[in-house]
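Enquirer: Would you mind keeping the following structure in view while I ask a few things?
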Amino acid sequence: MSEYRYEYLFPVPLSGSREEIFRAMTTAECLREWFAEHAEIGTAVGEPFRFWGRFTYGLPSREQADQQIRGWQVNDRVSFSWRLLDRDTDVTWSVIEERGDDGPVQKFKVTHSFPTLPDQSRPEALIDDLWRIYTGCLCFYLKGDQDFYRPDFGDDSPEVRCELVINAPPSRVFAALIEPDQIKKWFPAPNPSVDPRVGGEYGFGLSYEVDGEKVEPPPMTISAFEPDHVLEMNWPDWRTDPNVPDQTIRWELTNLGDGRTRLLLRHFGFTRAVDVSDYPFGWQEFLDKIQQVAEGQA
C-alpha cells in the first residue's frame with residue numbers, strides 16, 4: 001500500500017492575527033486549552049512537541065508521548081511527528097491567508113501523512129473526524145469561547161450536549177423545530193418536511209458531496225414527540241455509511257416562566273468518541289440561530 005496523505009482546510013476564518021494563531025498552535029499553555037490535556041513544546045526542529053492525556057486519541061501517557069518538531073516557520077507553520085494508529089506519521093499545521101469580502105482572512109490547514117493507511121475500522125473517516133474535532137476546538141478557542149466540547153477518548157458513551165436559554169415561550173421554540181418555514185431560517189435545508197407525530201418523518205431535503213459522490217440522506221423518523229416539550233429522532237451517519245448505526249437527536253424544552261425556555265440538545269449513540277466529529281460546533285451554531293428565530297430576530 002502507498003502513503004496516505006490527508007489534507008483539511010478548515011472552512012471558517014479564524015479570529016486573531018497570524019501571530020496569535022501561531023501562538024495557539026505552538027505553546028503548551030494554549031495547546032492545553034484546545035488540543036491536548038497535557039503538552040510540552042519546544043521551539044526548534046528536533047525539540048519536543050509532546051502531548052498526551054484523555055483528549056489525545058489513543059490515550060497516551062506522558063512516557064508514550066515522544067512527538068518531535070520536524071519543521072518550524074514562525075507565524076506560518078509547524079510540523080511534528082506523531083506515532084498514531086500503529087504508524088509513524090507526520091503532521092503539519094499551517095496558517096493560510098485568503099482574500100475575504102472585507103480583506104485578508106486567516107485559515108487553518110492540517111496535513112497528516114501516514115506511510116500506509118491504518119488497519120482500523122473506517123480509517124479515512126476516523127482521521128477526518130479527528131481533525132474536524134481539533135480544528136473546531138481551535139476555532140472556538142480563538143473566538144474566546146471557554147465552553148466548547150472536547151471528547152474524552154476514553155469515554156465509551158460520548159454525548160454532545162448543547163443548551164441555552166431563549167427569551168421566548170416553549171411554543172415558539174418548538175415551532176422553530178418543527179415548522180418547515182422556521183427550519184429554513186436556522187438550518188441550510190432547501191426543502192424541509194415534517195410529519196409531527198411519533199413515527200412521522202423529519203427531513204431536511206439535503207444533498208451534498210462526500211469524496212466526490214452525491215449524497216442524499218434519508219429522512220429521519222420521530223421517536224418521541226411531546227408538543228412544546230420533547231422532540232426526538234434517529235440521526236443517520238452523515239456520510240451515509242451503512243456500517244455506522246444511527247445516532248439519536250433529542251431536543252428537550254423546559255419552561256422557565258416569564259416567557260423564557262431552556263433548550264437542550266442531546267446527540268448520542270456514537271460507536272466511538274472520534275465519531276462526534278464537528279457536530280458539537282455545528283450544533284452550537286444552530287442553537288444560536290434557533291434562538292434568533294424564536295426571539296424574532298432572524
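Enquirer: Select from T271, T135, T116 the residue whose mean-square fluctuation is largest in a Gaussian network model of the chain (Cα-Cα springs shorter than 10 Å).
Expert: Looking only at T271, T135, T116, the largest GNM fluctuation is found for T116.
Enquirer: Per 0.36 nm of contour for each residue apart, how much would the distance between L164 and L126 grow if the chain were fully extended, relative to their Cα-Cα spacing?
Expert: Values: separation 38, 0.36 × 38 = 13.68 nm, distance 2.99 nm.
Answer, rounded to one decimal: 10.7 nm.
Enquirer: With Cβ to Cβ distances under 12 Å as the rule, what net charge do the other residues near N234 carry (K, R +1; D, E -1)? Walk me through the numbers on the way to the answer.
Expert: Values: positive: R250; negative: E201, E232, D237, D246.
That sum, taken over residues with Cβ under 12 Å, equals -3.
Enquirer: Next question. If you place +1 on the Cβ of every Lys and Arg, -1 on the Cβ of every Asp and Glu, and leave all else neutral, what size is the dipole of region 1-103 about its Cα centre, to the nearest 20 Debye?
Expert: Details: 12 positive and 19 negative charges, 55 e Å.
With Lys and Arg at +1 and Asp and Glu at -1, about 260 debye.
Enquirer: Also, quick follow-up: Where nothing but the Cβ of Lys and Arg (+1) and of Asp and Glu (-1) is charged, how large is the charge dipole of the chain around its Cα centre, in debye to the nearest 20?
Expert: 360 debye
Enquirer: Same structure, new question: On a 28 Å Cα-Cα criterion, which of the cross-link pairs K109/K185; K109/K214; K185/K214 come out too long?
Expert: Numbers: K109/K185 30 Å; K109/K214 25 Å; K185/K214 24 Å.
Over 28 Å Cα-Cα: K109/K185.
Enquirer: Now for a different question. Give me the one-decimal nm value for the distance between modelled label points at D119 and E3, 7 Å along each residue's Cα-to-Cβ direction.
Expert: For the pair D119/E3, the computed spacing is 2.3 nm.
Enquirer: Relative contact order of the chain, please, whole-number percent, based on alpha carbon pairs below 8 angstrom and at least 6 residues apart.
Expert: Numbers: 632 pairs, mean separation 49.9, N = 298.
About 17 percent, as a whole number.
Enquirer: Follow-up. Express in Å², to the nearest 10, the accessible area of T43 obtained by rolling a 1.4 Å probe over the protein heavy atoms while all chains stay in place.
Expert: Surface accessible to solvent at T43 totals approximately 90 Å².
Enquirer: Sticking with this one: Length gain on complete extension for the stretch S81 to R23, per 0.36 nm per residue less the alpha carbon to alpha carbon distance?
Expert: On the way: separation 58, 0.36 × 58 = 20.88 nm, distance 1.89 nm.
Full extension of this stretch gives 19.0 nm more.
Enquirer: Another question, then. List the relative contact order of region 173-298 as a percent without decimals, with contacts defined as Cα pairs under 8 Å and 6+ residues apart.
Expert: Details: 204 pairs, mean separation 24.0, N = 126.
It comes to 19 percent, rounded to a whole number.
Enquirer: Place +1 on the Cβ of every Lys and Arg and -1 on the Cβ of every Asp and Glu in the chain, take the dipole about the Cα centre, and give the residue among P158, T26, I183 whose Cα lies farthest towards its positive end.
Expert: Working it through, the farthest residue towards the positive pole turns out to be T26.
Enquirer: Note down the accessible area of W72, probe 1.4 Å, to the nearest 10 Å².
Expert: The accessible area comes out at roughly 70 Å².
Enquirer: Give the calculated FRET efficiency between K185 and Q73 to the nearest 0.05, with a Förster radius of 45 Å applied to their Cβ-Cβ distance. Working shown, then result.
Expert: Numbers: r = 43 Å, r/R0 = 0.96.
Efficiency, from the Cβ-Cβ distance: 0.55.
Enquirer: Here's a follow-up. State the Cα centre-to-centre distance between region 203-225 and region 226-274 in whole Å.
Expert: Region 203-225 and region 226-274 have Cα centres spaced 15 Å from each other.
Enquirer: Roughly how many Å² of H229 are accessible to a 1.4 Å probe, to the nearest 10?
Expert: Estimated to the nearest 10 Å², H229 gives 80 Å².
Enquirer: Of P115, L130, Y141, which is farthest along the charge dipole of region 95-147 in the positive direction, counting Lys and Arg as +1 and Asp and Glu as -1 at C-beta?
Expert: Of P115, L130, Y141, it is P115.
Enquirer: Roughly how big is region 92-134's charge dipole about its Cα centre, with Cβ charges of +1 (Lys, Arg) and -1 (Asp, Glu), in debye to the nearest 20?
Expert: Values: 5 positive and 8 negative charges, 19 e Å.
I would put it at about 100 debye.
Enquirer: Can you list the lysines whose alpha carbon sits under 25 Å from that of K107, skipping same-chain ones fewer than 8 residues off?
Expert: The reachable lysines, counting only those whose Cα sits under 25 Å from K107, are K143, K289.
Enquirer: Relative contact order for region 1-141: what is it in percent, counting Cα pairs under 8 Å that are at least 6 residues apart?
Expert: On the way: 279 pairs, mean separation 39.3, N = 141.
Worked out over region 1-141, it gives 28 percent.
Enquirer: Quick check: from the Cα gyration tensor, does region 41-146 come out rounded (a/c under 1.5), prolate or oblate? Show your work: numbers first, answer last.
Expert: Working: a/c = 1.68, a/b = 1.40, b/c = 1.20.
Prolate.
Enquirer: Quick one: length gained pulling R32 to D155 fully straight, 0.36 nm per residue minus the C-alpha distance?
Expert: Working: separation 123, 0.36 × 123 = 44.28 nm, distance 1.90 nm.
This chain segment gains 42.4 nm when fully extended.
Enquirer: What is the sum of charges, Lys and Arg at +1 and Asp and Glu at -1, for the other residues whose Cβ falls under 12 Å from the Cβ of A125?
Expert: Details: positive: R122, R132, R239, R272; negative: E124, D128, D129, D211, D237, D241, D275.
With Lys, Arg at +1 and Asp, Glu at -1, the net is -3.
The values are calculated or read from the model by the stated rules, or taken from the named source; none is laboratory data. Values in this document were obtained by computation on a predicted structure and should not be read as measured data. Quick reminder, even Gly has a Cβ in these numbers, built from the backbone with ideal geometry, and neighbours come from all protein chains shown. Areas reflect the complete protein model, heavy atoms only, side chains present, ligands, DNA and RNA absent. Shrake-Rupley method; radii C 1.70, N 1.55, O 1.52, S 1.80 Å.
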